[in-house]
Amino acid sequence: MELLKKLKEVGSSIIPILALVALMHFFITPLPAGSLTSFIIGGFLLIAGLSLFLLGVDIGLLPIGERIGSAATRSKHLLVLLGTGFLVGVVIILAEPNIAVLAEQVKGVNPSISKTSLVSMIAIGVGFYLMVGMVRVVFHLSLRLVYLVSYALLFILFIFSPIEMMGIALDAGGAATGPLSVPFIMAIGIGIARVQKKQNDADNFGYVSLALIGPTLALGVLSLFNDGGAAFSGEVSVAAAGNFLSLIQPSLAMTAQALVPLLLLCLFYQFLLLKMPLGQLVRMVTGFVYLFIGLTLFFMGSNGGFIPVGYQIGYAIGTYNRYLLLLVGVVIGAITVLSEPSVWVLVNQVQEITQGHIKKPLMLVALAIGVGLSLFLAMIRVITGLSIWYFVLPTYALAVFLSFFVPDLFVGLSFDSGSVSSGPMASTFILAFAIGSSVSVGGNPLTDAFGVIIFVSMTPVVIVELLGLVYKRTQKKMA
């Protein structure tokens, strides 16, 4: 029953993209022979894989995540708390499928950028900022101040960094808040909040958005010692669509490499702090079996269908009519945000928090318009080659500014909403689409295409903050 529910949730987010690509294939830009079939097969592999993966997260990881957060806080040892935050953040990123997909796409555009150093710095960044998030709640530090200092430091770093690394660094933050890291980090946060003497709803939010800042800041530091690798050669290495059977072995290897450290982490805390009974251990192992099968299918579907065909469709539309990319970007943005299961959880949460003053339909329309506009701007950047500075800096400056005027509850909630909007579709199909579009118009994907994931993430932040101001004004009128 639970698996059917997951299949319905994931299918609702992927089937609209399948339908959109099929329509474009038949009526606008035909794909190479066999590509549409590979895309559909890849889509169904993604649906099955993500459904099993998310079921495994619910069964095996969320309960132990809450227990780890509670146990580390209850220990009342600062070193245990800090060590837990850092260790969990690092290991969870090694297992996050979005990061593996992002690293492969970076390698396809610029092989000189080390995949190992890229993933390592992303993991360190998430670990550090998860640690910051835990300390913030325990010591009641201002989340607004953390955002202000972090984003100020981030953009100062980028002044001295090569522009080729900026888009990759920003996308790393968006990709780090994926289908594994978000629920596990939120479970850690719930576990910490549960054992606080003074319960505060606002303490449940902010962890995910801090996990987005960490990788971006870490790669900003790395870029000071890395010039972004060799210049773009004009060619992108993209695997051919299909060949799913040949992807079984490498997908199994990638899955094992991702999940073994996570399993060892859970067993470490089981013997050190948790001491769960046998029944709960069996449930955890069952969850890991689902995770293993689901992640393997996810890698097969993304590498055999979604990434190569996403690149092909972007290249085909850009070659046919570059300005058509603007319209397609709006449609993809709206479809992506409306079909993302995490977004529906978010709008339900906001409606409940505001006691129905902010209705679900209003928020869905606002998010669809906002993310559609984001992808429109991302395609303008692809076509014109405008610097990412012109888009990201004003948006986050406005977001941090507004955070000082919205109710406390909306501060972490708004920044977290941006993080949950960039799901698996952003790191697979949308990024590949942007790379293909950039190549088709003669651009440089390193400076023009990378950064598209953060475009999906940043608009919902401002939208939820504006809705928070509406809620604040409504409350004043009622008072």
Query raised in the report: Please state the relative contact order of the chain as a whole percent: Cα pairs under 8 Å, 6+ residues apart?
Result: 25
Query raised in the report: What value, in deg cm²/dmol to 500, does the helix sum -39500 (n - 2.57) over DSSP H runs of n ≥ 4 give at 222 nm once divided by the residues of the chain?
Result: -25500 deg cm²/dmol
**Report entry** For the stretch 465-479, 3J(HN,Hα) per residue [Karplus equation, 6.51 cos²θ - 1.76 cosθ + 1.60, θ = phi - 60°, Hz, x = Gly/Pro]
**Finding:** 5, 4, 5, x, 5, 4, 4, 4, 5, 4, 4, 5, 5, 5, 5
Query raised in the report: Quick one: if the Förster radius is 30 Å, what FRET efficiency do Ser117 and Thr384 give, using the C-beta to C-beta distance and rounding to 0.05?
Result: 0.45
Query raised in the report: If the cut-off is 20 Å between C-alpha atoms, which lysines fall inside it for Lys107, apart from same-chain ones fewer than 8 positions away?
Result: Lys115
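Rounded to a whole number, what % of the accessible area of the chain do carbon and sulfur atoms account for, probe 1.4 Å? Each step should come with its number before you reach the end.
Numbers: 12850 of 18560 Å².
Within the chain, the accessible surface is 69 percent carbon and sulfur.
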Report summary line: The ³J(HN,Hα) series, computed from each phi in the stretch 5-10 with the Karplus coefficients 6.51, -1.76 and 1.60 at θ = phi - 60°, rounded to the nearest Hz and given as x for glycine or proline, is 5, 5, 4, 5, 5, 5
Requested in this report: May I ask you to list the trypsin sites (Lys or Arg not before Pro) in the stretch 1-87 that are in a DSSP loop and have at most 13 other Cβ atoms within 10 Å of their Cβ?
Outcome: Lys76
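How much length, in nm to one decimal, is gained on full extension between Leu20 and Ile248, taken as 0.36 nm per residue of separation minus their Cα-Cα distance? Each step should come with its number before you reach the end.
Working: separation 228, 0.36 × 228 = 82.08 nm, distance 2.75 nm.
Full-extension gain reported as 79.3 nm.
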Requested in this report: Show me 375-382, 445-452 ranked by packing, highest mean number of other Cβ atoms within 10 Å first.
Outcome: 445-452, 375-382
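Using a Förster radius of 56 Å, what is the FRET efficiency between Thr37 and Phe160 based on their Cβ-Cβ separation? Nearest 0.05, please. List each step's numbers first, then the result.
Details: r = 48 Å, r/R0 = 0.85.
Rounded to the nearest 0.05, the efficiency is 0.75.
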Report task. Among the lysines, select those whose C-alpha is under 27 Å from the C-alpha of Lys476, and discard any that sit fewer than 8 residues away in the same chain. Result -> Lys198, Lys359, Lys360
Report task. For Gly451, enumerate residues with amide H under 5 Å from its amide H, sequence gap 5+ or separate chain, H modeled in the peptide plane. Result -> Asp171
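Rounded to the nearest 20 debye, what is the charge dipole size of the chain about its Cα centre when +1 sits on each Lys and Arg Cβ and -1 on each Asp and Glu Cβ?
Working: 23 positive and 18 negative charges, 242 e Å.
Here the chain has a charge dipole of around 1160 debye.
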**Report entry** Unit charges at the beta carbon, dipole of the chain: most positive-side option, Leu245, Val135, Leu180
**Finding:** Val135
Query - From phi via Karplus (6.51, -1.76, 1.60), per-residue ³J(HN,Hα) for the stretch 383-394 in Hz, x at Gly/Pro - result: 6, 9, x, 4, 5, 5, 3, 5, 9, 6, 4, x
Query - Alpha-carbon centroid distance for the pair the stretch 64-129 / the stretch 261-336, whole angstrom - result: 16
Report summary line: Given Cβ charges of +1 for Lys and Arg and -1 for Asp and Glu, the option among Gly167, Ile14, Pro308 whose Cα lies farthest towards the positive end of the dipole of the chain is Ile14
Query raised in the report: Hey, rough spin-label estimate for Gln475 and Leu79, points 7 angstrom out along Cα→Cβ, what's it come to in nanometres?
Result: 4.2
Requested in this report: Give the calculated FRET efficiency between Val331 and Lys107 to the nearest 0.05, with a Förster radius of 30 Å applied to their Cβ-Cβ distance.
Outcome: 0.55
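The values are calculated or read from the model by the stated rules, or taken from the named source; none is laboratory data. From a predicted model like this one, the values you see are computed outputs, not experimental measurements. Backbone-built Cβ (ideal geometry, glycine too); neighbour counts: all protein chains shown. Note: areas computed on protein heavy atoms with side chains; ligands, DNA, RNA excluded. Shrake-Rupley method; radii C 1.70, N 1.55, O 1.52, S 1.80 Å.
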